[in-house]
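Beneath this line is the structure, given in structure tokens, with notes to follow.
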Amino acid sequence: KAGVTQTPRYLIKTRGQQVTLSCSPISGHRSVSWYQQTPGQGLQFLFEYFSETQRNKGNFPGRFSGRQFSNSRSEMNVSTLELGDSALYLCASSLSSSGGAYEQYFGPGTRLTVT
Amino acid sequence: GDSVTQMEGPVTLSEEAFLTINCTYTATGYPSLFWYVQYPGEGLQLLLKATKADDKGSNKGFEATYRKETTSFHLEKGSVQVSDSAVYFCALTPGTGSQGNLIFGKGTKLSVKP
């Protein structure tokens, strides 16, 4: 069974631009979560989607948004990019969203650099 | 809010040494606890988990026991190998509601020398 895939793997953008990252979950998984990883803040939860609905949201500004499609694929968008948005963005999928009952499987991440 | 605290790194060990990485947590309810590992240039891989008090998670020679009385989930391995060099993250999912998000510690970088 194929793992979680994320595209693109690397991205360089300029301040003020917007960016869209894509995540394809493991087949059959309905929950997709996004995390931001930076050296200073570590791993921080962005949001979680389940059956096309946002179930949970972390403490990030409204410039960060996401959506999930009927096939469970998910995208996240960051508008008006800032230098501080440079990070590794990780996507994780699981069968459901019921806390620890279902393991989360991570993709390799998208490395976003904002210049 | 819920949080995870793990020992600061980096940790440098010689091959075949004993490894302990400390992890403590603060949470309401009954969280599930995890250890994830991240190899250079890769995403996170689940190493082991425990979903209730006194559960022991184990995988690839690594072990951790869910201790509710001390709110701890320390990672141990009896004999580390060079291939264990990576960053290790302790994490929890809240025990209430349908919150599936993971809350991570800062990570501990492990370097194993031959």
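Listed values, structure above:
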| read-out | value |
| --- | --- |
| Single match in B:33, B:46 (criterion: within 12 Å of another protein chain (Cβ to nearest Cβ), out of contact with any Gly (no Cβ under 7 Å at 6 or more places or on another chain) and open to solvent by less than 30 Å² (accessible area, probe 1.4 Å)) | B:33 |
| Residue check, residue A:37 of a type outside the set (A, V, I, L, M, F, W, C) and within 9 Å of chain B (Cβ to nearest Cβ) | yes |
| Segment B:49-67, subset loosely packed, with under 13 Cβ neighbours inside 10 Å and among the basic types (Lys, Arg), residue farthest from residue B:113 (Cα to Cα) | B:56 |
| Matching residues, segment A:8-26, being assigned to a loop (DSSP other than H, G, I, E, B) and of a type in the set (Lys, Arg) | A:9, A:15 |
| Residues being surrounded by fewer than 20 Cβ atoms within 10 Å (Cβ to Cβ), under 14 Å from the mean Cα position of the chain (by Cα) and closer than 15 Å to residue A:85 by Cα - total across segment A:39-57 | 1 |
| Residue within segment B:5-18 that is in a strand (DSSP E or B), away from chain A (no Cβ under 11 Å), in contact with a Gly (Cβ under 7 Å, 6 or more places away or on another chain) and among the polar types (S, T, N, Q) present | yes |
| Residues located in segment B:55-67, provided they are more than 15 Å from residue B:5 (Cα to Cα) and assigned to a loop (DSSP other than H, G, I, E, B) | B:55, B:60, B:61 |
| Unique match (being without any contact (Cβ under 8 Å) to a residue 12 or more places away in the chain and among the charged types (D, E, K, R)) among B:55, B:84 | B:55 |
| Selected residue [more than 14 Å from chain A (Cβ to nearest Cβ) and small (Gly, Ala, Ser)] from B:41, B:61, B:57 | B:61 |
| Filter result (in contact (Cβ under 8 Å) with a residue 40 or more places away in the chain and of a type in the set (D, E, K, R)) within segment B:58-81 | B:76, B:77 |
| Check on residue A:102, open to solvent by 60 Å² or more (accessible area, probe 1.4 Å), within 18 Å of residue B:43 (Cβ to Cβ) and touching a Ser or Thr at 6+ places or on another chain (Cβ under 8 Å) | yes |
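The values are calculated or read from the model by the stated rules, or taken from the named source; none is laboratory data. For clarity, every value in this text was computed on a predicted model and none was experimentally measured. Backbone-built Cβ (ideal geometry, glycine too); neighbour counts: all protein chains shown. To get the accessible areas, we keep the full protein, side chains included, count just its heavy atoms, and leave off ligands, DNA and RNA. Shrake-Rupley method; radii C 1.70, N 1.55, O 1.52, S 1.80 Å.
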